[in-house]
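Heads up: the structure comes next, in structure tokens.
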Ligand SMILES: Cc1ncc(COP(=O)(O)O)c(C=O)c1O
């Protein structure tokens, strides 16, 4: 018999739509996939070479469960360079992607029934991860709280253990204004709750905006913040599975203990490649983000031109999250039906907003190639114009 805990877990809607679309493609169908959040760029050559070199030199054995010192040092230098934050190695852990870092944080800080404030729309995995760790996600409306940051207080109870930030956001691409982020951070500190800051899209930010980590506001905010990050998106290394967390020593130590009995270390080869990713020239990141900026402009223009679609220009990540609810009626009742029909009739794979807690919307990614984006937008336009 399957456990109650496992039965409660929903399948990741992003991964399931992507795998259906990939199957269709394999069967020879001309499918455009704008679903999963994965840059279409190859992992840069110098990073791949570091992995090859690690294999050749025999760096193929267990490492310390929490990661090799060299990589921890590279992560420390990265946060010093980018956010002027100073960490010690005991405040860093290397994880199997950002996903494991998040899992291990929730398992480290939550007792049964403890609450985590999560803004809606949210990334699909947060609710499942918090629930699996025995916690309770408490959904807060991001747009309302941005208009009036004091509103966040109404979600805080004696059971609140943490608040989760994800800016730039998946799915909306939203980047929070710095003064609002600071206000949320101050409220978290004064209520003695942790801030879990998922920064995996920090580099994907446009139109001259800059990224700010809540840890960097003050010594107090650093003490209460657990930063989650990964090399997955930044260096187009999704398959290498290297993520990390930085935070208070006791939390990182607890995460290390959990990881030691779970996966142990991240693949030794991937860790060596990670060192090079973080310490070599960052031009590859800039080139990718510059290309994404072009795709963003193109996709935004095309979506804005479709009658009945409502869209705000996202300032970060690599997603668009338009409101398609004007099409809902007898034939299409919700975002899942919109996406299913689009896939069946026009062979375009995108993700229903329901998975992100926002059924009026759908999520498209512009991390697909420009050629695919153009084809996908033509088909989406045709689909919408014929509804
Ligand atoms: C908001 C957010 N956090 C974390 C992750 C996890 O990233 P990783 O692939 O490094 O596990 C993702 C991946 O899609 C994401 O979108």
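The values are calculated or read from the model by the stated rules, or taken from the named source; none is laboratory data. A quick note: this is a predicted structure, and the numbers were derived from the prediction, not measured. Note: ideal-geometry Cβ built from the backbone for every residue, glycine included; neighbour counts use all protein chains shown.
So the values come out like this:
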read-out	value
Residue match in region 290-305 (condition: more than 21 Å from the chain's Cα centre (by Cα), in a loop (DSSP other than H, G, I, E, B) and under 17 Å from residue 71 (Cβ atoms))	no
Index of the failed condition, residue 35 passing every other in (1) over 20 Å from the mean Cα position of the chain (by Cα); (2) surrounded by 19 or more Cβ atoms within 10 Å (Cβ to Cβ); (3) not assigned by TED's automatic domain parsing to the domain that holds residue 246	(1)
Of all residues making up region 83-130, the number that are in a helix (DSSP H, G or I), more than 18 Å from the chain's Cα centre (by Cα) and either crowded, with 24+ Cβ neighbours inside 10 Å or in contact (Cβ under 8 Å) with a residue 40 or more places away in the chain (or both)	6
Conditions (1) near the ligand (Cβ under 10 Å from one of its atoms); (2) over 19 Å from residue 40 (Cα atoms); number of the one not met by residue 210	(1)
Count - residues of region 329-387 that are free of Cβ contacts under 8 Å to residues at least 40 places away in the same chain and under 18 Å from residue 296 (Cα atoms)	2
Test result for residue 67, assigned to a loop (DSSP other than H, G, I, E, B) and without any contact (Cβ under 8 Å) to a residue 40 or more places away in the chain	no
Residue match in region 48-61 (condition: within 30 Å of residue 369 (Cα to Cα), within 16 Å of the ligand (Cβ to nearest atom), surrounded by 15 or more Cβ atoms within 10 Å (Cβ to Cβ) and in contact (Cβ under 8 Å) with a residue 24 or more places away in the chain)	no
Residue check for residue 209: out of contact with any helix residue (DSSP H, G or I) (no Cβ under 9 Å at 6 or more places or on another chain), surrounded by fewer than 17 Cβ atoms within 10 Å (Cβ to Cβ), outside the structural domain of residue 366 (by TED's automatic domain parsing) and in contact (Cβ under 8 Å) with a residue 12 or more places away in the chain	yes
All positions within region 91-123 that are more than 8 Å from the ligand (Cβ to nearest atom) and more than 16 Å from residue 253 (Cα to Cα)	111, 112, 113, 114, 115, 116, 117, 118, 119, 120, 121, 122
Test for residue 37: is it within 16 Å of the ligand (Cβ to nearest atom), in contact with a strand residue (DSSP E or B) (Cβ under 6 Å, 6 or more places away or on another chain), part of a loop (DSSP other than H, G, I, E, B) and more than 26 Å from residue 291 (Cβ to Cβ)	no
Selected residue (only one of 244, 235 is within 21 Å of the chain's Cα centre (by Cα), within 25 Å of residue 108 (Cα to Cα) and assigned by TED's automatic domain parsing to the domain that holds residue 86)	244
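Residue-wise test of (1) in contact (Cβ under 8 Å) with a residue 24 or more places away in the chain; (2) away from the ligand (no atom under 16 Å from the Cβ); (3) more than 17 Å from residue 97 (Cα to Cα); (4) assigned to a loop (DSSP other than H, G, I, E, B).
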{"position": "228", "(1), (2), (3), (4)": "yes, no, no, no"}
{"position": "234", "(1), (2), (3), (4)": "yes, no, no, yes"}
{"position": "237", "(1), (2), (3), (4)": "yes, no, no, yes"}
{"position": "240", "(1), (2), (3), (4)": "yes, no, no, yes"}
{"position": "251", "(1), (2), (3), (4)": "yes, yes, yes, no"}
{"position": "254", "(1), (2), (3), (4)": "yes, yes, yes, no"}
